[in-house]
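Worksheet: one structure, shown below.
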Number of protein chains: 4
Amino acid sequence: MLHVGIVGVSGFTGLELVKLLLHHPAVSIDYIASRSHIGEPLSNIFPSLNSICDKKIEAINEDRLKSLDVVFLALPHGVSMELVCKIHNKIRLIDLSADFRLSKDLYEKWYKTHLCPDLIETAVYGLPELNKDKIKDAKLIANPGCYATASILAILPFLDIIEGDVIIDAKSGVSGAGKSLREDLLFSEVASSFRAYSVAKHRHQPEIKQVLSEMKPINITFVPHLLPINRGILVTIYANLPTIFDEVFLFEKLKRFYINEPFVRVLKNLPQISNCVGTNFCDMSFALDKDNNRLIIIGVIDNLLKGASSQAVQNMNIMFGLKEEEGLNLKPYYP
Amino acid sequence: MLHVGIVGVSGFTGLELVKLLLHHPAVSIDYIASRSHIGEPLSNIFPSLNSICDKKIEAINEDRLKSLDVVFLALPHGVSMELVCKIHNKIRLIDLSADFRLSKDLYEKWYKTHLCPDLIETAVYGLPELNKDKIKDAKLIANPGCYATASILAILPFLDIIEGDVIIDAKSGVSGAGKSLREDLLFSEVASSFRAYSVAKHRHQPEIKQVLSEMKPINITFVPHLLPINRGILVTIYANLPTIFDEVFLFEKLKRFYINEPFVRVLKNLPQISNCVGTNFCDMSFALDKDNNRLIIIGVIDNLLKGASSQAVQNMNIMFGLKEEEGLNLKPYYP
Amino acid sequence: MLHVGIVGVSGFTGLELVKLLLHHPAVSIDYIASRSHIGEPLSNIFPSLNSICDKKIEAINEDRLKSLDVVFLALPHGVSMELVCKIHNKIRLIDLSADFRLSKDLYEKWYKTHLCPDLIETAVYGLPELNKDKIKDAKLIANPGCYATASILAILPFLDIIEGDVIIDAKSGVSGAGKSLREDLLFSEVASSFRAYSVAKHRHQPEIKQVLSEMKPINITFVPHLLPINRGILVTIYANLPTIFDEVFLFEKLKRFYINEPFVRVLKNLPQISNCVGTNFCDMSFALDKDNNRLIIIGVIDNLLKGASSQAVQNMNIMFGLKEEEGLNLKPYYP
Amino acid sequence: MLHVGIVGVSGFTGLELVKLLLHHPAVSIDYIASRSHIGEPLSNIFPSLNSICDKKIEAINEDRLKSLDVVFLALPHGVSMELVCKIHNKIRLIDLSADFRLSKDLYEKWYKTHLCPDLIETAVYGLPELNKDKIKDAKLIANPGCYATASILAILPFLDIIEGDVIIDAKSGVSGAGKSLREDLLFSEVASSFRAYSVAKHRHQPEIKQVLSEMKPINITFVPHLLPINRGILVTIYANLPTIFDEVFLFEKLKRFYINEPFVRVLKNLPQISNCVGTNFCDMSFALDKDNNRLIIIGVIDNLLKGASSQAVQNMNIMFGLKEEEGLNLKPYYP
């Protein structure tokens, strides 16, 4: 039985971690902590958890953390590294923030001064479909961003044949922004509406570029949009092909690429968000614009699950030699 | 291991049964059948089930059914009894239709001529919080309607003290109407809107009245409304009190009534649909209109789960001596 | 040409007033003011008004106000009366707040100490279908609350025949709460959900009761709910009849009651919110629960229009001898 | 006073035409017709029009049509040309279908055999911002498609400087599909979801390409998506620049391009659908991806208005020498 802690339980990714790990057959949640609401039962913040998890939120305590097998950090960017710097060598860590995803230079360009840049190189980018072997032995997992997960998984199978820039037109549900009390996240602003934001300057753009560039030089244009739904990301990706490819060939190539991956569903039909939400799947499909030798790849994930918390659990399973699907046979919310 | 069949898998309640039973630790789904789509994998109808359940849909075959331990019938009203009449004495049945919920007279007034009225009396109304003992030995369960479940659970604890008529103002998400191809269920008609329907003539009204009347004579006014959401029912119930009651007394009374029930959550705050959806819970709360000696009870369920499929599984657990919560530690969909 | 001012343009009802009055054929908007955003164009706050109304927001100035023909006050409760006390005798006022709707005693019980209680009696409750004659000469209009408008219009035609208490189960879209930055108004909390609030203690309850009680003693139980939509109110009203009434008789009675009212639509079918939103109509229908001699009345309005701003314009039209429909031939938003 | 007819009033664009023309100061709606519901009041089909337009729907009669000044055809593709072929030389026509938008060859490739191909050349593509002069004298207007309107208006100002292919990632509300009774348009399928469709094979792709190619050779990749909202289109357009451009220069260029156009709003901030819905505006903005010399243009319209019916009225105004904005000072639906 793994003794697990979750730090940062007052946000949505913390909430999802609790829901996933509560009945994970190999896990005991020994410790839930937050910077606020200390002493309150978690169900005070999230009444949906009434009689499911009435565990009390504890203060963040380094000694307590060190006594565990693994700790999930669901803290804001910048806050997470403060804690990681202190406890990293004592215990295996899965960090859901962006603090260890980027090289020092990129991180400091897009976020802020890094507090423990030496640790960045020891961190493993926790995308199991890309880094499974490294994850097994990782002490510190940098759990990927939601947009980055969907985008990288969609591009990877075709990376060797595409050429030139890649354009990612991404659309996300509102939960990606967490519970922040912002006017632009009010129901009256989001419902019946749709908009782009952070056009070509979203922080997941360097993350996607860095990960893919390790395999092949690539430029990325990334434009995120806000959907009037709670959960789910759909990315529509445009990539150029140097020549005419056959659709059957491309489908087989894609199929083969993920043949051993339990959490990528390669679809013949176009995916839709509602079929994926609630699961750890990435749903993928593509179409060919033959007139322009352009490949259009579509990827769908649940931003809070494969884009955050269930991917973190998938990483934990791999780190501790459990079955990768353990505790993750989730059912789609549809309808 | 229970060998289970599900008949009527092409509708939403059938879909939910499959999702619930697939990883139920005591169950093996041996047989899924439908009147249409025979020979197709279930994931053809519900792409959300891709690589989760690609089982093929079979034709409805009485011999196959008789070889099982228990069969769930998720068929339309009227169709279900045709099958029940034929196989009832061979196998334990959980019928999610209305066919065995009402007395012959009421059924024939609100639905149609009954094909096997003698069976009605042998059926047990499958509301575990009311009939747990009878359910244990039942051969045929009449699984309650969604509105009836929410309404009865909300009224029961106070039935002894209220007097006069009870008014139920009910609001349901769209999935209660299933996947019917009706113009009034199009997105353009439902989104950004709200309306009442079947005012004072909905078929769950006699169901609620019949069940409660067995305990105490009561009149019911029932008005359902259609919410622009997929899942969830909230009922607001108005009942008269003969005298002034103390709120603390009423809260304790309610709390005590459900003290041993794992699936009723008695709340101090007002419940909301999103906290309950995805679970087998009924969330309950009340307020007192002291000026008018009127009790206002609020009940919330997921119409497809506690209002249909997970309640059916709860019934199965009880029928077969399993732990009542087995396979039902579901997590709320929120956010 | 009427010279009009709008005070409190940074909220939703202020916004609606601007949209309605901009092209009202008999009106010139000479002055828009607010307590904040002074000096900014209105389209800064509401980008939807770009190139429609780029007028600058001015500070609230009593002298400026006094030079106008009529001023609409779209200020919060409590703030409005401060201004009214100062300028009431100089100019005709239409106050959209609750400050002059209730008797002093009721106001002080439900809101706060009143600053100019003597003025309350001079104010006319601006429900044209009830008080048209008084509105003509009014100096100060207390524009009705949104829930109160829908409820009173629905009850009025039947007030003489119903007996006993009236129960109002009301459902409103989110815009009724304005643009307040509250966690419970975030998209993630409201979407896919539904809940009751202020059960039997909402401030529109005494307003409804006071208005109706002037005609006949009556008790009201009022329970509001929050719909996951932006606009629209639907009230479902339960009233007892002393004896059996004929449906045709009741329909004719209702029809006749509003025969001369241009803004009440008496419908044979059940109304729905989307058919009414965007207009100054109140849509009405009823059903009879014959088993219980209970009348179920349904009323629908757009909470920001007939429930606030377009009703205020209707009042202005009447006050200044214009055609009641002037500037109000609005078209429903549907689809 | 123009005597106007509308053929095809049972669909959404017909409904919008009625709403727009009913109080248009220069118009009298003399005739509304449809292929179905003949003899019924229009408010039977659209109860939202109760007491607004209870006019009876007539059969389609060529003689009646010929007696009018102008006729709007809101018929399905293929059906429209049947009627146009018969009455084209008698009366001025504004056709909202696709039947006269494309060259014969393109039409027959993407739709079906054309019945009167000679007329295609006489038709004027009714995008006022492009063809105002030709529209003045047009006998037959081919009113642009919704996606085409948004896309062309967004690309036009930059057409001279972009090079290479243009990628259009388009997102539309559900009303674009009309009231079709299709399973994929049910609330349960659309709500809380999002998906691409007709990837790189939507019929508006050749329309956009044809219109732009008349000015400059260009290739288009077009991918539409379905938003869980009723109204609105947002297009995100990716175009390559041959060199580094200055953002201020580009903004001024855009501003200048539409300086005389009353219905294009050039915005400094990113547009959002809810600010535009309800109006005849096209809202536009752009961002520069400097790392990749890529221009990202965003355009927003109401698909039923500027994308169909109000653009048709704008065309009528121009054809008959009226003020272009006549009857079109619509207010945004927000909130």
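Kindly identify region C:70-193 as rounded, prolate or oblate by the Cα gyration tensor criterion: order the square roots of the eigenvalues as a ≥ b ≥ c, call it rounded if a/c is under 1.5, otherwise compare a/b with b/c, prolate if a/b is larger, else oblate. Note, shape of region C:70-193 comes out oblate. Copy-to-copy label distances for A:PHE251, where each label lies 7 Å from Cα along Cα-to-Cβ, are 4.8, 5.6, 6.1 nm in order of increasing length. Scanning chain A for cysteines with no neighbouring cysteine C-beta under 4.7 angstrom from their C-beta gives A:CYS53, A:CYS146, A:CYS276, A:CYS282. Measuring from each Cβ of chain B to the axis carrying B onto D, the nearest residue and its distance in whole Å come out as B:PHE187, 2. Could you list B:MET284, D:MET215, C:MET316 so that the one with the fewest beta carbons within 10 Å of its beta carbon is first and the one with the most is last? Exposure proxy ranking, most exposed first: D:MET215, B:MET284, C:MET316. Only the Cβ atoms of Lys and Arg (+1) and of Asp and Glu (-1) were treated as charged; on that basis the dipole of region B:147-301 about its Cα centre amounts to roughly 340 debye.
Across identical copies of the chain, D:ARG35 has label-point separations of 3.2, 5.9, 6.3 nm, listed in ascending order, with the point defined 7 angstrom from Cα along Cα→Cβ. Taking only Cα atoms and a 10 Å spring cutoff, compute GNM fluctuations for chain B and point out the largest among B:LEU295, B:LEU115, B:LEU20. Its mean-square fluctuation being the largest, the pick is B:LEU115. Extension gain, D:ALA26 to D:SER103: 0.36 nm times the residue separation minus the Cα-Cα distance gives 24.4 nm. How big is the dipole moment of the protein assembly as shown about its Cα centre under a simple scheme where the beta carbon of each Lys and Arg is +1, that of each Asp and Glu is -1, and everything else is neutral? Debye, nearest 20, please. Dipole of the protein assembly as shown, to the nearest 20 debye: 0 debye.
From least to most packed, judged by other beta carbons within 10 angstrom and beginning with the fewest, A:MET81, C:MET1 follow the order C:MET1, A:MET81. The alpha carbon gyration tensor of chain B gives principal lengths a ≥ b ≥ c with a/c of 1.5 or higher and a/b greater than b/c, which makes the shape prolate. Annotation: the antiparallel percentage among DSSP beta bridges lying fully within the protein assembly as shown is about 50. When DSSP beta bridges are restricted to pairs lying wholly in region D:1-147, around 5% turn out antiparallel. About its Cα centre, the dipole of region C:18-172 is roughly 440 debye, where the only charges are +1 on Lys and Arg Cβ and -1 on Asp and Glu Cβ.
Beta bridges from DSSP with both residues in chain C: antiparallel share about 45 percent, rounded to the nearest 5. A point 7 Å from Cα along Cα→Cβ stands in for A:THR122, and the other copies hold the same point at 7.0, 7.8, 8.2 nm, listed in rising order. Mean sequence separation of contacting Cα pairs (under 8 Å, at least six apart), scaled by the length of chain C, corresponds to a relative contact order of 17 percent. Can you bin the protein assembly as shown into rounded, prolate or oblate? Criterion: square roots of the alpha carbon gyration tensor eigenvalues sorted a ≥ b ≥ c, rounded for a/c under 1.5, prolate for a/b above b/c, oblate for the rest. Verdict is rounded for the protein assembly as shown. Quick check on my link table: of B:LYS19/B:LYS55; A:LYS268/D:LYS201; A:LYS134/A:LYS323; C:LYS323/D:LYS19, which ones sit more than 18 Å apart, alpha carbon to alpha carbon? Over 18 Å Cα-Cα: C:LYS323/D:LYS19.
For region A:210-293, applying the loop criterion from DSSP together with a ceiling of 13 other beta carbons within 10 Å to the trypsin sites (Lys or Arg not before Pro) yields A:LYS268. Arranged from fewest to most other beta-carbon atoms within 10 Å of their beta carbon, D:CYS116, A:CYS276, D:CYS146 become D:CYS116, D:CYS146, A:CYS276.
Laboratory data are not the source of any read-out in this text; all were calculated from the coordinates shown. As the structure is a prediction and not an experimental result, all values here were calculated from the model. Heads up, the Cβs are rebuilt from the backbone with ideal geometry, glycines too, and the neighbour counts pull from every protein chain shown.
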